[in-house]
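*Asks:* Pasting a structure here, questions to come.
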Amino acid sequence: MSRKLRMKCRFCGHWNRFQAQKIFLKHKVKGIQTYVPVYHVSEIHKCEKCGKVMQKPKELIRIEKVNLYEIH
Ligand SMILES: [Zn+2]
């Protein structure tokens, strides 16, 4: 599933938009099986403003409510 995300740069605070794939990871909490949504990018993603690397292809992105939103 391809999703558009808004993500806040952790270096300069600029909001970037980019495309990522949404996947679900199996996660067990206290014996209960749940699925955690995570995102990953297919190519390196840099901040539009400061140029620092925000995401690398093999890093999984978890939703952190304060700095990442899905755009519907
Ligand atoms: Zn930045």
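*Asks:* What does the accessible area of residue 71 come to, in Å² to the nearest 10, when a probe of 1.4 Å is used?
*Replies:* The accessible area comes out at roughly 50 Å².
*Asks:* So which lysines pass the test for residue 46, namely a Cα distance under 20 Å, with those fewer than 8 places away in the same chain ruled out?
*Replies:* 4, 8, 22, 56, 58
*Asks:* Also, quick follow-up: How much of the accessible area of the chain, in percent, comes from carbon and sulfur atoms when a 1.4 Å probe is used?
*Replies:* Ligands and nucleic acids excluded, carbon and sulfur reach 53 percent.
*Asks:* Excluding ligands and nucleic acids, what accessible area in Å² is computed for residue 25 using a 1.4 Å probe, to the nearest 10?
*Replies:* Rounded to the nearest 10, that gives 60 Å².
*Asks:* Taking loop as defined by DSSP and a crowding limit of 14 other beta carbons within 10 Å, which trypsin sites (Lys or Arg not before Pro) in the range 2-72 fit?
*Replies:* For trypsin sites (Lys or Arg not before Pro) across the range 2-72 that sit outside H, G, I, E and B with at most 14 neighbouring Cβ atoms in 10 Å, the list reads 10, 30, 49, 52, 58, 65.
*Asks:* Next question, about the same structure. Could you size up the charge dipole of the chain around its Cα centre, putting +1 on the beta carbon of Lys and Arg and -1 on that of Asp and Glu, and report it in debye to the nearest 20?
*Replies:* My answer is approximately 140 debye.
*Asks:* Still on this structure, I have one more. With a 1.4 Å probe and all protein chains kept in place, how much accessible area does residue 24 have, in Å² rounded to the nearest 10?
*Replies:* Approximately 100 Å² of residue 24 is accessible to the 1.4 Å probe.
*Asks:* May I pose another question? Counting heavy atoms of the protein chains only and a 1.4 Å probe, report the per residue accessible area for the chain as a whole number of Å².
*Replies:* In whole numbers, the chain has 75 Å² accessible per residue.
*Asks:* Of the options 9, 38, 27, report the single residue whose Cα projects farthest towards the positive end of the charge dipole of the range 2-61 (beta-carbon charges: Lys, Arg +1; Asp, Glu -1).
*Replies:* So the residue furthest toward the plus end is 27.
*Asks:* Strictly greater than 17 Å: what percent of every Cα pair in the chain meets that?
*Replies:* Result for the distance tail: 45 percent.
The values are calculated or read from the model by the stated rules, or taken from the named source; none is laboratory data. Quick caveat, the model's predicted, so the values are computed rather than measured. All Cβ positions, glycine included, derive from the backbone under ideal geometry; neighbour counts span all protein chains shown. When the accessible area is computed, the model is the full protein with side chains, heavy atoms only, and any ligands, DNA or RNA have been set aside. Shrake-Rupley method; radii C 1.70, N 1.55, O 1.52, S 1.80 Å.
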